[in-house]
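Heads up: the structure comes next, in structure tokens.
Coordinate-derived values only; no laboratory data. If you're wondering where the values come from, they're calculated on a predicted model, not measured in any experiment. Here the Cβ is made from the backbone with ideal geometry for all residues, glycine too, and neighbour counts use every protein chain on show.
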Amino acid sequence: MPPPAPSAAERGDPAFADLYLSHFQRLATQLYAYLGDHAEAQDLTQEAFCRAFDRWHRISVYDDPAAWVRRVAWNLATSRLRRRLTALRYLSRQREEHLPGPEPDRVALVRALAELPARQRRAVVLHHLGHLTTAEIAEQEGVAEGTVRSWLSRGRTALAASLTDPREENSRVRAAH
């Protein structure tokens, strides 16, 4: 494989430096007017000149190397605008959803369930929310059905204690006397 062609810098080619100095500002100004962002216009102009520099051994023989750089810069700017427009369209389709927070009863239930031992919590959830029978839970957990009934009983008792409002309990006790 032949060695790569020497770059413009390696050849000390002043033609590239002249091209850069005579066209950079004009091209950056054109892209600024097109894009509306000065820094982005300069970045894209610089990118076009970097691409020209990498290919200078071919581009230097063109009739108008500046036309190649200008075309590359404008293509980069157009691509950038398209990507920006695509992103804006996507974002405009995204709607912010405001969902109500959980009700206080649900928060209390989740908190009370979290305080139960894992086996009792699993049994209560599977039975009351999953609508499984004690036999199905016993089979799933690999325990006797009586064990599941025990977990359910203890879990319900603990939940009742956690979920009962102490003020309601006091008023019930007073009403009973």
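Computed from backbone phi with θ = phi - 60° and the Karplus coefficients 6.51, -1.76 and 1.60, the 3J(HN,Hα) list for segment 86-93 is 4, 5, 5, 4, 4, 5, 5, 7 Hz; x is used for glycine and proline.
If you run the Gaussian network model on the chain, springs between alpha carbon atoms under 10 Å, then out of L81, L132, L91 the most flexible one is L132. About its Cα centre, the chain has a charge dipole of approximately 360 debye under the convention of +1 per Lys or Arg Cβ and -1 per Asp or Glu Cβ, with nothing else charged.
For Rg and Dmax of the Cα atoms in Å, the value calculated from this model appears in (1) 15.2, 44; (2) 17.0, 65; (3) 37.1, 108 under label (3). Using R0 = 41 Å, the C-beta based FRET efficiency linking Q25 and L88 works out to 0.85. Applying the Karplus relation 6.51 cos²θ - 1.76 cosθ + 1.60 with θ = phi - 60° to segment 31-39 yields 3J(HN,Hα) values of 5, 4, 5, 6, 8, x, 9, 4, 5 Hz, where x marks Gly and Pro. Under 5 Å between amide hydrogens, built in the peptide plane, is the criterion, and for L116 it picks out nothing among residues at least 5 positions away or on other chains.
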